[in-house]
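Below is one structure. I have some questions about it.
The values are calculated or read from the model by the stated rules, or taken from the named source; none is laboratory data. Given the structure is predicted, the values throughout are model-derived calculations rather than measurements. Note: ideal-geometry Cβ built from the backbone for every residue, glycine included; neighbour counts use all protein chains shown.
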Amino acid sequence: MPARKISEPWTLAGLTTREQTILVQVLKALRQVRYGSITIIVQDSRVVQIDYTEKIRLGKEMEQAPDRGNGEAPGFNPPART
């Protein structure tokens, strides 16, 4: 598949509907992950999957937080989803 020239300034106008959909999905993943990675899986020059992994950083507050006795990790507060 030959590469197509993307016009300047960059817009969605020169992209196919599939390419626009893929970009929207990548942007959604970017907005959702605070710390982590996004992997785009390509087969036969086509995006077939977008994976993201979110990291939860454990800092000094974990060492100082008391055990709550409820089976949850001390100091663990999962991020709020919007």
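Which one of these does residue 31 not meet: (1) modelled with pLDDT of 85 or more; (2) surrounded by 10 or more Cβ atoms within 10 Å (Cβ to Cβ); (3) part of a helix (DSSP H, G or I)?
With respect to (1) modelled with pLDDT of 85 or more; (2) surrounded by 10 or more Cβ atoms within 10 Å (Cβ to Cβ); (3) part of a helix (DSSP H, G or I), residue 31 is out only on (2).
Would you call residue 25 at pLDDT 90 or above and touching a Phe, Trp or Tyr at 6+ places or on another chain (Cβ under 9 Å)? Talk me through it step by step, then tell me what you get.
On the way: at pLDDT 90 or above: yes; touching a Phe, Trp or Tyr at 6+ places or on another chain (Cβ under 9 Å): no.
No, not satisfied.
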